[in-house]
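Enquirer: Questions regarding the structure given below will be posed in turn.
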């Protein structure tokens, strides 16, 4: 009997994290990066069409059992509050059935520019940064 060639469909497909993240990362760090990336994608989807002119910055921070949406706003208005509430509600729907299904979603609002020294959301997965003319926006060289 002739041997059958191995089917290309029976090979183990490598997870994209194995290709794009550092190959020596421990599995828990890979899972944390995958979660961050998934939350970034889902928050972007939730924010589509909901980021008005008063929203200067938007980012997402994964915490254990919680997802924090950070917003830097020019001023707090009922429209901004409604848009941020809509983003959180849409994100909750997008996360249903996934690993973050039971995570709390909170919104933290910072009134002011999204500069690295003042805005708590700057160090997390940034979704939106408006041009405000701040010195942190200048390009290097």
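FYI, it's all coordinate maths here, none of it is from the lab. A quick note: this is a predicted structure, and the numbers were derived from the prediction, not measured. Heads up, the Cβs are rebuilt from the backbone with ideal geometry, glycines too, and the neighbour counts pull from every protein chain shown.
Enquirer: Any idea which of 42, 63, 35 is without any contact (Cβ under 8 Å) to a residue 60 or more places away in the chain and either surrounded by 20 or more Cβ atoms within 10 Å (Cβ to Cβ) or touching a strand residue (DSSP E or B) at 6+ places or on another chain (Cβ under 8 Å) (or both)? Walk me through it before giving the result.
Expert: On the way: 63 fails: either surrounded by 20 or more Cβ atoms within 10 Å (Cβ to Cβ) or touching a strand residue (DSSP E or B) at 6+ places or on another chain (Cβ under 8 Å) (or both); 35 fails: without any contact (Cβ under 8 Å) to a residue 60 or more places away in the chain.
One residue alone meets the criteria, 42.
Enquirer: So which residues in the stretch 91-119 are surrounded by 14 or more Cβ atoms within 10 Å (Cβ to Cβ), touching a residue at least 40 places away in the same chain (Cβ under 8 Å) and closer than 20 Å to residue 56 by Cα, if there are any at all?
Expert: Hits for the stretch 91-119 are 91, 108, 110, 112, 113, 114, 119.
Enquirer: Could you check residue 131 against (1) part of a loop (DSSP other than H, G, I, E, B); (2) loosely packed, with under 12 Cβ neighbours inside 10 Å; (3) out of contact with any helix residue (DSSP H, G or I) (no Cβ under 9 Å at 6 or more places or on another chain) and say which number it fails?
Expert: Of everything listed in (1) part of a loop (DSSP other than H, G, I, E, B); (2) loosely packed, with under 12 Cβ neighbours inside 10 Å; (3) out of contact with any helix residue (DSSP H, G or I) (no Cβ under 9 Å at 6 or more places or on another chain), residue 131 misses just condition (3).
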